[in-house]
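Undergrad: Structure provided below as structure tokens; questions to follow.
Only the coordinates and a few stated rules stand behind these numbers; no lab work does. Just so we're clear, the structure is a prediction, and the values are computed from it rather than from any experiment. Positions of Cβ are generated from backbone atoms using ideal geometry, with glycine treated the same way; all protein chains shown enter the neighbour counts.
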Amino acid sequence: MVVKKLEINGFRNLNGFAVDLAAGKNLIFGANGSGKTSVIEALYFLGFGKSFLAVQRRELVCFGGDGFYLSAEVTDKSGENTVTACLEKGLALELNGERSFLAQVGRHLYPLFFSHFLYSQVIDGAPHLRKLIDRFIYGLSSLYLHDVLRYNDALKQKNHLLKNLGRPINNSELQGWNRLLAETGSKLVKKRMAFTNQLNGAMGEAFSDSLSLRYDPALLSGRPFSETTLLEDLDRARAAEIRSRRSLIGPQRDRFEVTVNGRKLQLFSSGEKKKYLLMLYMAYIDLFRRARGEYPVLLLDDYDAVMDERNLEFVLGHFPAMQVVATSVEADERFERCFELKKE
């Protein structure tokens, strides 16, 4: 997939912004505060309906504005498509002029984001790594988003019940939510297990067996996993959950861990963390290409802060058919097309 043109209005500090992108390697450069990161943040928003930063949608609106409008012309296996996002009273996502669900958009635009701050969050923070893995799985199968949303909705309802609000716990209602969580949660766990095996296979092919991803589902027992065993675990945890007034087991508490020769990646230096996480990304890109027959759009924020010359050459050279949109403070002739943003 390739983004041919991007338009941004009222998003962050960008108004009336439009750029034609090359199918290969693109670089947005300029001084800090000029809006470079906002360009790739807009692309990410079109693909996921949210920012890669922990901000509310309204915080993305240009100061004094009422909303924002984003549009991308995308070419993929299906042909040419237009993806738009408009935030006014609410968020409206459209595909070729018609209201669309995120999973439908994801079939045509999947931005893969990598930045200098990402590696520390992902490697040292279990929730961040879990969310990254979920985004990876979604990239291979957009229907995974439906499973995640259905599980999260049931979990929200169960936690609301456990908070009690001064009323006695309704055990039959709690059992009903546990059944639904076992049904939906087992789908997540099985897909996470399958993806972990896939990614480890891809990393083994590309980088030997030294780099691996470990997946530890948040369950009570070591028995062979099934929907039935998850429901039994939920039943066993009922008393503890009522006391703590929140759900204690399930996919929302699953842990992933990246290891190198059996050692946790958290124990390595910052430079090694960046290198190995980038290797994980490269293996995922290979998986994505095999599964979908095309490449994602790779977004690199402050690329020269997150990778050295050798790693940059590897990324640019190893995937010549993949579109890259990167940012930096300076131009770089290795990129096919460079755009300078002036700070206003």
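Undergrad: What is the extension gain from Met193 to Glu173, computed as 0.36 nm multiplied by their sequence separation minus the C-alpha to C-alpha distance, in nm to one decimal? Present the calculation step by step, with values, prior to reporting the outcome.
TA: Values: separation 20, 0.36 × 20 = 7.20 nm, distance 2.97 nm.
Result for the pair: 4.2 nm of gain on full extension.
Undergrad: Wrap a convex hull around the Cα atoms of the stretch 193-308, take a quarter of its surface area, and give that in square nanometres.
TA: 10.2
Undergrad: Mind giving me the FRET efficiency for Arg99 and Asn261? R0 is 51 Å, r the Cβ-Cβ distance, nearest 0.05 is fine. Please list the in-between numbers first.
TA: Details: r = 49 Å, r/R0 = 0.97.
The value I calculate is 0.55.
Undergrad: Full-extension gain between Lys156 and Arg107, please, as 0.36 nm times their residue separation minus the C-alpha to C-alpha distance.
TA: 14.9 nm
Undergrad: Still on this structure: Whose amide H sits under 5 Å from the amide H of Lys5, counting only residues 5 or more places off or on another chain, with H placed in the peptide plane?
TA: Residues meeting the amide H criterion: Leu21, Glu73.
Undergrad: In nm, to one decimal, how far is the Glu88 label point from the Val55 one, both placed 7 Å along Cα→Cβ?
TA: Between Glu88 and Val55, the simple spin-label model gives 2.3 nm.
Undergrad: Shifting gears a bit: Which shape class applies to the stretch 1-105: rounded if a/c is under 1.5, otherwise prolate when a/b exceeds b/c and oblate if not, where a ≥ b ≥ c are the square roots of the Cα gyration tensor eigenvalues? Present the calculation step by step, with values, prior to reporting the outcome.
TA: Details: a/c = 1.86, a/b = 1.11, b/c = 1.67.
Oblate is the answer for the stretch 1-105, as a/c is 1.5 or above yet b/c matches or exceeds a/b.
Undergrad: Right, here's the next one. Can you give the relative contact order of the chain as a percent, counting alpha carbon pairs under 8 Å and 6+ residues apart?
TA: Values: 572 pairs, mean separation 93.3, N = 344.
So the answer I get is 27 percent.
Undergrad: Straight-line reach from Lys89: which aspartates and glutamates have Cα under 13 Å away, leaving out those fewer than 8 places along the same chain?
TA: Asp66
Undergrad: Another question about this same structure. Toward the positive end of the charge dipole of the stretch 195-323, about the Cα centre and with charges on Cβ (Lys, Arg +1; Asp, Glu -1), which of His318, Gly271, Ala305 goes farthest?
TA: Checked the options; the winner is Gly271.
Undergrad: I want to verify a result. In a Gaussian network model of the chain, Cα cutoff 10 Å, which of these has the top mean-square fluctuation: Gly176, Gly106, Gly222?
TA: Looking only at Gly176, Gly106, Gly222, the biggest GNM fluctuation is shown by Gly222.
Undergrad: So, one more: Summing +1 for each Lys or Arg and -1 for each Asp or Glu, what net charge is found among the other residues whose Cβ lies under 11 Å from the Cβ of Tyr284?
TA: Here the charged neighbours net out to +2.
Undergrad: Let me ask something else. Given the options Ile169, Ile28, Ile133, which has the most mean-square fluctuation in a GNM of the chain, springs set between C-alpha atoms less than 10 angstrom apart?
TA: Of the options given, Ile169 has the highest mean-square fluctuation.
Undergrad: Enumerate by residue number the chymotrypsin sites (Phe, Trp or Tyr not before Pro) in the stretch 56-158 meeting two conditions: DSSP loop (anything except H, G, I, E, B), and at most 14 other Cβ atoms within 10 Å of the site's Cβ. Before the final figure, lay out each step's value.
TA: Working: sites: Phe63, Phe68, Tyr69, Phe101, Phe113, Phe114, Phe117, Tyr119, Phe136, Tyr138, Tyr144, Tyr151; in loops: Phe63, Phe101, Phe117.
When the chymotrypsin sites (Phe, Trp or Tyr not before Pro) of the stretch 56-158 are filtered for loop state and at most 14 Cβ neighbours within 10 Å, Phe63, Phe101, Phe117 remain.
Undergrad: Taking the chain as the reference, fit the longest principal axis to its C-alpha atoms, fit the long axis of helix 270-292 to the helix C-alpha atoms, and give the angle between the two in degrees, 0 to 90, nearest 10.
TA: 90
Undergrad: So if I restrict to the alpha-carbon atoms in the chain, what is the Rg, and what is Dmax, the biggest pairwise distance, in Å?
TA: For the chain, the Cα radius of gyration and maximum Cα-Cα distance read 21.5, 67 Å.
Undergrad: While we're looking at this one, here's another question. How are the Cα pair distances of the stretch 103-219 distributed, in percent, across 10 Å bins from 0?
TA: Going from the shortest bin to the longest, the percentages are 11, 33, 33, 16, 6, 1.
Undergrad: A follow-up question, please. What list of whole percents do you get for P(r) of the stretch 52-153, with Cα-Cα distances grouped in 5 Å bins up to the one holding the largest distance?
TA: With 5 Å bins starting at 0, P(r) equals 2, 10, 16, 19, 22, 18, 10, 2, 0.
Undergrad: Suppose we look only past 19 Å in the calculated P(r) of the stretch 248-344. What percent of the Cα-Cα pairs does that tail hold?
TA: So the portion of pairs separated by more than 19 Å is 55 percent.
Undergrad: Under a 10 Å cutoff between Cα atoms, tell me which one of Asp76, Asp134, Asp153 has the largest fluctuation in the Gaussian network model of the chain.
TA: Asp153
Undergrad: Need one word for the stretch 171-212: rounded, prolate or oblate. Basis is the Cα gyration tensor (sqrt eigenvalues a ≥ b ≥ c); a/c below 1.5 gives rounded, then a/b vs b/c decides.
TA: Judged from the Cα gyration tensor, the stretch 171-212 comes out prolate (a/c at least 1.5, a/b above b/c).
Undergrad: I would also like to ask the following. Which of the GluC sites (Glu not before Pro) found in the stretch 77-134 are loop residues per DSSP with 15 or fewer other Cβ atoms within 10 Å of their Cβ?
TA: Answer in residue order: Glu88.
Undergrad: Compare the Cα positions of Gln252, Gly293, Asn197 along the charge dipole of the stretch 197-344 (+1 at Cβ of Lys, Arg; -1 at Cβ of Asp, Glu; about the Cα centre) and return the one farthest towards the positive end.
TA: Result: Gln252, furthest along the dipole toward the positive end.
Undergrad: If I model a spin label as a point 7 Å beyond the Cα along the Cα-Cβ vector, how far apart are those points for Leu220 and Ala206 in nm?
TA: Between Leu220 and Ala206, the label points sit 4.0 nm apart.
Undergrad: What do you get for the angle between helix 309-318 and the principal long axis of the chain? Use alpha-carbon atoms, 0 to 90 degrees, nearest ten.
TA: Its long axis makes an angle of about 90 degrees.
Undergrad: Further question: Angle, helix 126-140 long axis vs. longest principal axis of the chain, Cα atoms, 0 to 90°, nearest 10?
TA: Compared with the principal axis, the helix lies near 70 degrees.
Undergrad: Let me check the size of the stretch 44-83 from its C-alpha atoms; what are the radius of gyration and Dmax in Å?
TA: Calculated on Cα positions, Rg and Dmax stand at 12.9, 40 Å.
Undergrad: A further question follows. Which of the three applies to the stretch 243-291, rounded, prolate or oblate, going by the alpha-carbon gyration tensor with a ≥ b ≥ c and a/c under 1.5 meaning rounded? Mind showing how you got there, number by number?
TA: On the way: a/c = 3.41, a/b = 1.54, b/c = 2.22.
Verdict is oblate for the stretch 243-291.
Undergrad: May I pose another question? Which of the pairs Lys50/Lys264; Lys131/Lys275; Lys131/Lys264; Lys5/Lys275 have their Cα atoms more than 22 Å apart in this structure?
TA: Long pairs (Cα-Cα over 22 Å): Lys50/Lys264; Lys5/Lys275.
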